[in-house]
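Take a look at the structure below.
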Amino acid sequence: MTISCWKPTVEGGDGDVKGKVDGLLWYKDLGNHLYGEFSMAVIQANSSLEDRSQLESGPMSSDYLGPQGTFIGVYDGHGGTAASQFVNDNLFSNFKSFTAEDQGISEKVIKRAFSATDDDFLSLVKKQWQNKPQIASAGTCCLAGIICNGMLYIANAGDSRAVLGRVRRGTRETLAVQLSTEHNVNIETERDDVRSKHPYDSQIVVMKHSVWRVKGIIQVSRSIGDAYLKKAEFNREPHLCF
């Protein structure tokens, strides 16, 4: 889920933070940050935008004594905005807490931040499910990149993709280098992995409308949220209290 793979070299300060809208396209030039120049763009594919994204630059630990860096998060939500918004509000703070606890950034720290954020959201679902049963079907892919101490860390849960643009010396040709692996049951290896983890469920992966889906419902095989697929208690009608 987590790898370190690139050493950036550019440093800078604050930049333009104004966003612009062009039809369904939203884009924002962020200028210079701690480890380079950044911009963001979002194209709205659905009537309601369920995705969230964030960029944080500065202290990477909650005690402000740890390393300085830049954190980028892309959260591709589905079933509403509850999960993607929750991750946008909580993943980075969880990451900073574990960075402070371990006194540094590591694969272990990033995995703990992902797991804690998922656990916290499932706890929220449990509290709100009786009155808001739809929250149990909210989930989000989670793709994060952290640049710190000359290293880029990539963490992914879901089928978003991180791509590095690398300029080849001499020809100046730009190459696209894939940095993450998608978790989608349309990929045979991921389908086999899901089946191996659920050997007694013959319906764990089903072909529906010519597409492989988990339980015949969703293509993504790893996510934050989707409580109704993770916990049997949410895979039914809630009790009504009068």
Task: Mean ellipticity per residue at 222 nm, deg cm²/dmol - from DSSP H runs of n ≥ 4 across the chain, formula -39500 (n - 2.57) - done: -7500 deg cm²/dmol
Open item on the list: Quick check: from the Cα gyration tensor, does the range 38-130 come out rounded (a/c under 1.5), prolate or oblate?
Closed with: oblate
Task: Gaussian network model of the chain, springs between alpha carbon atoms under 10 Å - residue of N131, N46, N186 with greatest fluctuation - done: N46
Open item on the list: Please check: in the Gaussian network model of the chain (C-alpha springs, under 10 Å), which one of H33, H183, H198 has the largest mean-square fluctuation.
Closed with: H198
Task: Cα gyration tensor shape for the range 2-182, rounded if a/c is under 1.5, else prolate or oblate - done: oblate
Task: Test item: Cα-centred dipole of the chain, Lys/Arg +1 and Asp/Glu -1 on Cβ, debye - done: 440
Open item on the list: Test of understanding: in a Gaussian network model of the chain with alpha carbons linked when under 10 Å, which of A155, A82, A45 would top the mean-square fluctuation ranking?
Closed with: A45
Task: Selected from A136, T171, C148, residue furthest toward positive end of dipole (the range 98-173; charges at beta carbon) - done: T171
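Just so you know, all these numbers are worked out from the coordinates, no wet-lab data involved. Given the structure is predicted, the values throughout are model-derived calculations rather than measurements. Glycine gets a Cβ as well: all are built from the backbone with ideal geometry, and neighbour counts include every protein chain shown.
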